[in-house]
1. From the set of residues in the stretch 16-53 that are outside any helix (DSSP H, G or I) and loosely packed, with under 14 Cβ neighbours inside 10 Å, which is modelled with the lowest pLDDT?
2. With respect to the numbered conditions (1) at pLDDT below 85; (2) assigned to a helix (DSSP H, G or I); (3) in contact with a helix residue (DSSP H, G or I) (Cβ under 6 Å, 6 or more places away or on another chain), which one is the sole condition not fulfilled by residue 56?
3. What pairs come up if the first residue lies in the stretch 15-39 and is touching a residue at least 12 places away in the same chain (Cβ under 8 Å) and at positive phi, the second is assigned to a helix (DSSP H, G or I) and surrounded by 14 or more Cβ atoms within 10 Å (Cβ to Cβ), and their beta carbons are under 9 Å apart, counting only those six or more places apart or on different chains?
């Protein structure tokens, strides 16, 4: 479900599904966002399987999958926490003095 799901969601976004201000568009955008998160989690969960081509989830090599999830979560959290700072810097640089 991970990879095909991500491809389908990407296609929906390219086609503009979920864009607009109507209640239906907002609901579609939220649904696609939740579905994207679930598919991304499934993709990251299979990371160790891609590298080793065997089911190593509970073996030492399965740690690669956990490391990939931790790295992804760290990058995502950094982006979310830095967003207000970046917006403030942009606002300050654009304001007339």
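The values are calculated or read from the model by the stated rules, or taken from the named source; none is laboratory data. Predicted model, so just to flag it, every value in this text is computed and none were measured. When we count neighbours, we look across all protein chains shown, and the Cβ atoms used for this are built from the backbone with ideal geometry, even at glycine.
1. Taking the stretch 16-53 as the starting set, the residues that turn out to be outside any helix (DSSP H, G or I) are 16-22, 46, 53.
Filter once more, keeping what is loosely packed, with under 14 Cβ neighbours inside 10 Å: 16, 19-22, 53.
Working: 16: 86, 19: 86, 20: 84, 21: 84, 22: 89, 53: 56.
The residue in question is 53.
2. Just one mismatch for residue 56, condition (2).
3. Close Cβ pairs satisfying both conditions: 18/12; 18/25; 18/28; 18/29; 18/31; 18/32.
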